[in-house]
1. Please give the contour-minus-distance gain from Lys66 to Ala280: 0.36 nm per residue of separation, less the Cα-Cα distance, rounded to one decimal in nm.
2. Roughly how many debye, to the nearest 20, is the charge dipole of the stretch 96-216 about its Cα centre, given +1 on each Lys and Arg Cβ, -1 on each Asp and Glu Cβ, and no other charges?
3. Evaluate the charge dipole of the chain about its Cα centre and quote only its size in Debye, nearest 20, assuming +1 on the Cβ of each Lys and Arg and -1 on the Cβ of each Asp and Glu.
4. Along the charge dipole of the chain, which of Ala280, Ile53, Leu195 sits closest to the positive end, that is, farthest toward it, with unit charges on the beta carbon of Lys, Arg, Asp and Glu (+1, +1, -1, -1)?
5. State the extension gain, in nm to one decimal, for the chain segment bounded by His95 and Ala132, taking 0.36 nm per residue of separation less the distance between their alpha-carbons.
6. Step through the table entries Lys51/Lys189; Lys70/Lys102; Lys51/Lys91; Lys168/Lys189; Lys102/Lys187; Lys51/Lys111, compare each Cα-Cα distance with 22 Å, and write down the pairs that go over it.
7. Any lysines with Cα under 20 Å of the Lys318 Cα? List them, leaving off those in the same chain fewer than 8 positions away.
8. Going by amide H atoms built from the backbone, whose H comes under 5 Å of the H on Ala287, apart from near neighbours?
Amino acid sequence: MKSVHFRCIHSFVHTWFLLLLATLTPAANLAAQQAATSDPAFEEQLAHGRKAIDDQKYKDALDPLKAANKLQHDACGECNFLLAVAYVQLKDEKHAMESCDKAIATANTDKLRALAHSLRGNLLLASAPDDAKKLGLAEVEFRTAAELQPKVAVFHMNLARVLLRESKDDPAKQELQVCIECGPDEKMKDEAEKLMANPKRGREEFAPEFHLTTMQGQEMSLQALAGRVVVMDFWATWCPPCRESVPELKELTKKYPADKLVLISVSADKNENEWREFVAKKKMDWAQYRDSNGKILHAFDIHSFPTYLVIDGDGAIKERIHGLDPQESVVHRLKETLGQMPQLEGEARK
């Protein structure tokens with residue numbers, strides 16, 4: 001569970017967080033918010049570190065940022081904050097948290113301090129997503145960030161998310177409303193509205209919206225499939241376990257009625273002809289899609305094959321299965337999860 005949530009904070013820095021760096025306190029302007037310095041060596045090292053962060057070369061950012069911080073007696077708030085950002089991207093949770101703490105202690109602007117509190121809150125969630133104490137500590141961090149910068153939408157979004165995880169739905173909805181009133185981008189506004197309409201989204205992993213046209217010419221989207229259980233099969237013809245799983249997937253399509261369960265196979269194949277030939281040869285007559293640009297794979301954060309996702313009728317991801325277990329069939333591994341789906345109750349065929 002922890003690895004999944006640290007992946008989420010890693011993704012967070014790529015989206016809301018880097019957006020903040022670009023709009024609220026651009027990396028190029030953070031230095032101006034620190035105490036003025038005439039030390040050219042410090043400015044040079046900080047510039048190198050800042051550029052590496054902007055270029056997403058996080059490992060390259062560490063040495064110059066450390067050098068710049070040392071020249072300021074380890075009291076450079078920007079250096080500490082950007083080090084925290086770099087460590088998050090490098091998935092070094094321990095050093096990310098240490099740098100966050102130092103950034104909070106050394107920042108001399110509310111904007112920078114709010115960013116550090118927000119990142120610290122996300123790190124707390126990543127370290128123990130189901131720990132009540134850690135949730136409470138994360139709430140304090142997000143609330144502090146929102147109080148320091150009350151007109152910044154993402155800080156209210158973060159606070160709302162942790163409140164939802166704590167099942168504090170009414171206060172969460174208030175924060176989501178404030179988030180919307182702060183004028184976020186369309187993506188964040190849409191997410192805030194979805195969370196207000198269905199607070200459950202804040203407590204479970206929900207599938208991203210997708211639109212695709214299958215090999216058979218059928219238009220499919222998560223929204224259009226609402227109410228039905230969806231099994232996503234991420235595979236490739238060059239993957240031996242994927243090829244071996246085909247008979248079991250055929251069995252799955254026969255086990256449940258099509259109006260209750262939909263199986264979608266998403267291929268990572270680059271060669272369209274090989275993909276089409278394999279599908280035809282194996283008579284894979286369920287929904288087939290080749291993700292030629294990797295957009296669907298990226299949206300679902302797929303890095304290994306095969307990967308199977310079970311999505312309930314509300315769009316929540318109920319299970320992720322990686323690889324093929326020679327001791328247990330795909331259908332059997334999915335059986336318990338599918339058996340708990342209200343939409344499939346009593347629908348399994350013998």
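1. Values: separation 214, 0.36 × 214 = 77.04 nm, distance 5.71 nm.
Here the segment from Lys66 to Ala280 would lengthen by 71.3 nm.
2. Details: 18 positive and 21 negative charges, 39 e Å.
Its charge dipole is roughly 180 debye.
3. Working: 47 positive and 53 negative charges, 127 e Å.
In debye, rounded to 20, the chain gives about 600.
4. Result: Ala280.
5. On the way: separation 37, 0.36 × 37 = 13.32 nm, distance 2.31 nm.
Here the answer is 11.0 nm.
6. On the way: Lys51/Lys189 30 Å; Lys70/Lys102 13 Å; Lys51/Lys91 20 Å; Lys168/Lys189 20 Å; Lys102/Lys187 32 Å; Lys51/Lys111 20 Å.
Listed pairs above 22 Å: Lys51/Lys189; Lys102/Lys187.
7. Lys2, Lys194, Lys200, Lys255, Lys260, Lys335
8. Excluding prolines and chain starts, which carry no amide H, the hits are Leu263, Ser265.
The values are calculated or read from the model by the stated rules, or taken from the named source; none is laboratory data. The model shown is predicted, which means the values in this text are computed figures rather than measured ones. Note that we place each Cβ from the backbone using ideal geometry, even for glycine, and neighbour counts take in every protein chain shown. Protein only, heavy atoms only, side chains kept; ligands, DNA and RNA dropped before computing areas. Shrake-Rupley method; radii C 1.70, N 1.55, O 1.52, S 1.80 Å.
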